[in-house]
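S.K.: Structure provided below as structure tokens; questions to follow.
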Amino acid sequence: MLRSIVVPLDGTPRAERALPWAAYVAGCTGAALHLVRVRPVRASIAAPSAYPHEGTGLPPVVDPGPDGAEEAYLEGLGLQVGRDLESPVTWSLLEGEVTPCLATHVRDVDADGVILATRAPGPLGRMLLG
């Protein structure tokens, strides 16, 4: 039986596609949902290139918007998803490297599962990778 599910979000509609599935699983199992977004740490020295992360494997820099916008985003999604659920929905904004932060958060909340959307391009990629 699932008790706790983490849903990583990056602020894109594509990532939010995981929410209905997570809500369904939480509704069927009574698991708590933990919505989480990781704000990557920005380098203090800007690269001179027009594409500062080109070739580094790092995600593009996304402007988080005004102060508090990310918290409001998570809170709004949490209230929207939690409206029809009996199980609790929490949200957290973390800062650091995405993968280690998510792994630590999953461990900290003792999550039984992680539900996230794929970035697979095209129908074939989505079919093969979910």
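Each reported figure results from applying straightforward, stated rules to the coordinates on display, with no laboratory input. What you see is a predicted model; the values in this text were computed from it and never measured. Heads up, the Cβs are rebuilt from the backbone with ideal geometry, glycines too, and the neighbour counts pull from every protein chain shown.
S.K.: Pull out the extension gain between Leu124 and Asp110, defined as 0.36 nm times the separation in residues minus the alpha carbon to alpha carbon distance; nm, one decimal.
M.R.: 1.7 nm
S.K.: Which far-off residues, 5 or more places away or on another chain, put their amide H under 5 Å from the one on Leu35, with H placed in the peptide plane?
M.R.: For Leu35, whose amide H was placed from the backbone, the distant partners under 5 Å are Val7, Thr90, Trp91, Ser92.
S.K.: Say R0 is 22 Å: what FRET efficiency, to the nearest 0.05, do Arg83 and Arg17 get from their beta-carbon distance?
M.R.: On the way: r = 18 Å, r/R0 = 0.83.
With R0 = 22 Å, the Cβ-Cβ based efficiency is 0.75.
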